[in-house]
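Worksheet for the structure shown next.
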Amino acid sequence: MSSSTPSRGAGRDDAVRRVRPATKAIGPVSPIGRERWDLWNLQALKPDATPTLLRALRRRHDRIARIERRVLREGRGDTAGLMRAARAFIDRRPELQGGLILSLHLGPYMLLPAAYLLSGRDPVILLDGPAHRRMRPRAEAEIRRLGLDGSIGWIPTDEAAFMVRLLRALRNGKPVIVFLDGNSGAGGMEATRDDGLRYRLPGRIVRLRTGLGRLISRTACPVHGLSVRWRENGTLDWRAWTPPPGMAARGPEAITRLIYTWMFAQAGDAPEQWSFWGILGRSSEVFRDRRADLPSTEVVRRRGRRFLASLRDAAAVTRVHLARRVEVWDGDLLVDLERHHFYAADGLRDESLDSLRWGCTPTLATLDAAFGRDWLERHLLRLHVLGLASLEPAAAG
């Protein structure tokens, strides 16, 4: 995401930035903005979620994190017993011992490959390049810490021959683990948002990749779901899912909807243990690069010319007010709360908007003195061309 300052006096077509969520805020973000972002993501799965529920889930998350740290990191629990139970769970279910094993980043998900190693099966993990570089060191460190024999196979999807390796692993009956909530591929998240399959959650429309659906449709390989989560007493709750018969004949889009319905149900059942909430923000349709709600080029130019003329010729008498309720949220997001539109904040801070809130209508000259010309031409101009801030010229005498 670009945060460069537009040159003074330019046509300002670039005042409307491409709409992309950021994974990290640029500059300080208010606690309210961070809370609103987290609650908005939760409301994708639970539309009626309140700040009270969010706080309760955070408390539960902290309790679960303490359990995981005590049992798995500090060795003050029956780790051997947990792993025996995991092995027994898989051994009792022959259908889980090979084929495509769908899962998600829920609970102590790194124990999935460990459970297969305990059962004497070397699992394979299919994932994209960035996830491979991030996940492999952690997974292998976990295997060493548990003292397990065997090895994990890795198939990064950005390697040229990944499909050949994947089909060979499936033909050989190996368990191929796929974490559905990675939701990325060629073209990155931008391609997912623009071209992915529309999927309606209870409180959000997201976009999903259909690559796994195409693979399942083409190969008719065995497919099963497997997830794990912590119980309050420090034991593990393993859950398996078997898709309905004939799923492969339904076509890639129907398969995609089916497998993600299972995944989102798992996440919604234990949201405090889901560690990949980013998919709800980054894949949301409201962040598409191609959006109908953005002003046209002509509107941008007209508003930009008006703003610059007022700044040049009438700064002392032109007043500014917010035309809509606007906030900056965590993730460098500029949010139009009335229309529920989202834009890149490009480093704008929420506290900077206080001078335009609560009925305040400062002049351009006052704002120039408080924030500087660069802030006006970078942030206030953009608020104006997006229709979020209005100019009020002095009334005729």
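Pro245 falls short on exactly one of the conditions (1) assigned to a loop (DSSP other than H, G, I, E, B); (2) buried (at least 17 other Cβ atoms within 10 Å of the Cβ), and that condition is (2). Checked against (1) of a type outside the set (A, V, I, L, M); (2) surrounded by fewer than 19 Cβ atoms within 10 Å (Cβ to Cβ); (3) in a helix (DSSP H, G or I); (4) at pLDDT 90 or above, Asp48 passes all but a single condition, namely (3).
Between Ile67, Ile26, which is modelled with pLDDT under 95, surrounded by fewer than 19 Cβ atoms within 10 Å (Cβ to Cβ) and within 22 Å of the chain's Cα centre (by Cα)? Exactly one of Ile67, Ile26 is modelled with pLDDT under 95, surrounded by fewer than 19 Cβ atoms within 10 Å (Cβ to Cβ) and within 22 Å of the chain's Cα centre (by Cα), namely Ile26. Note on region 368-386: residues that are assigned to a helix (DSSP H, G or I) and surrounded by 20 or more Cβ atoms within 10 Å (Cβ to Cβ) total 9.
For every residue, the table says whether it meets (1) free of Cβ contacts under 8 Å to residues at least 40 places away in the same chain; (2) among the hydrophobic types (A, V, I, L, M, F, W, C).
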site	(1), (2)
Ile205	no, yes
Leu208	no, yes
Gly225	no, no
Arg229	no, no
Thr235	no, no
Trp238	no, yes
Pro243	yes, no
Arg250	yes, no
Ala254	no, yes
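Of the residues Ser310, Ser284, the single one that is modelled with pLDDT under 90 and either more than 30 Å from Gly98 (Cβ to Cβ) or crowded, with 18+ Cβ neighbours inside 10 Å (or both) is Ser284.
Among the residues of region 293-316, is there at least one that is within 30 Å of Glu232 (Cα to Cα) and in contact with a helix residue (DSSP H, G or I) (Cβ under 6 Å, 6 or more places away or on another chain)? No, every residue in region 293-316 fails to be within 30 Å of Glu232 (Cα to Cα) and in contact with a helix residue (DSSP H, G or I) (Cβ under 6 Å, 6 or more places away or on another chain). The single residue among Gly120, Gly75, Gly99 that is at positive phi, over 24 Å from the mean Cα position of the chain (by Cα) and either free of Cβ contacts under 8 Å to residues at least 12 places away in the same chain or not assigned by TED's automatic domain parsing to the domain that holds Thr261 (or both) turns out to be Gly75. Taking the criterion of being among the hydrophobic types (A, V, I, L, M, F, W, C), surrounded by fewer than 15 Cβ atoms within 10 Å (Cβ to Cβ) and at pLDDT below 90, the only residue of region 71-120 that qualifies is Ala80.
Every condition in (1) at pLDDT 85 or above; (2) surrounded by 13 or more Cβ atoms within 10 Å (Cβ to Cβ) holds for Glu190 except the one numbered (1).
Taking into account only those residues within region 320-343 that are free of Cβ contacts under 8 Å to residues at least 60 places away in the same chain and within 14 Å of Trp37 (Cβ to Cβ), which is surrounded by the most Cβ atoms within 10 Å (Cβ to Cβ)? The extreme case among them is Leu334.
Here Val317 meets each of (1) assigned to a loop (DSSP other than H, G, I, E, B); (2) surrounded by fewer than 16 Cβ atoms within 10 Å (Cβ to Cβ); (3) touching an Asp or Glu at 6+ places or on another chain (Cβ under 8 Å) with one exception, condition (3). Restricting the first member to region 352-373 and to residues that are assigned by TED's automatic domain parsing to the domain that holds His321, and the second to residues that are among the acidic types (Asp, Glu), the beta-carbon pairs closer than 9 Å and six or more apart or on different chains are Leu353/Glu327; Cys360/Asp354; Thr361/Glu392. Taken over region 352-375, the criterion of being over 13 Å from Ala315 (Cβ atoms) and of a type in the set (Lys, Arg) is satisfied by Arg357 alone. Among the conditions (1) in contact with a Pro (Cβ under 7 Å, 6 or more places away or on another chain); (2) not in a strand (DSSP E or B), Val228 misses just one, which is (2). Kindly indicate whether any position in region 353-363 is of a type in the set (Gly, Ala, Ser) and out of contact with any strand residue (DSSP E or B) (no Cβ under 7 Å at 6 or more places or on another chain). Within region 353-363 (the criterion being of a type in the set (Gly, Ala, Ser) and out of contact with any strand residue (DSSP E or B) (no Cβ under 7 Å at 6 or more places or on another chain)), the answer is yes, since at least one residue qualifies. Residues of region 294-307 that are assigned to a helix (DSSP H, G or I) and surrounded by fewer than 18 Cβ atoms within 10 Å (Cβ to Cβ): Thr297, Glu298, Val299, Arg301, Arg302, Arg305, Arg306.
Suppose we filter Ala369, Ala389, Ala395 for residues that are at pLDDT 90 or above, more than 27 Å from Glu298 (Cβ to Cβ) and out of contact with any Cys (no Cβ under 7 Å at 6 or more places or on another chain); which single one remains?
Ala369
Summed over region 346-367, residues that are surrounded by 15 or more Cβ atoms within 10 Å (Cβ to Cβ), assigned to a helix (DSSP H, G or I) and of a type in the set (D, E, K, R) total 1. If you check Asp78, Asp62 for being over 20 Å from Glu142 (Cβ atoms) and acidic (Asp, Glu), only one passes: Asp62. Listed conditions (1) modelled with pLDDT of 90 or more; (2) in a loop (DSSP other than H, G, I, E, B) are all met by Tyr199, apart from (2).
The values are calculated or read from the model by the stated rules, or taken from the named source; none is laboratory data. As the structure is a prediction and not an experimental result, all values here were calculated from the model. Every residue, glycine among them, receives a Cβ derived from its backbone with ideal geometry; neighbour counts consider all protein chains shown.
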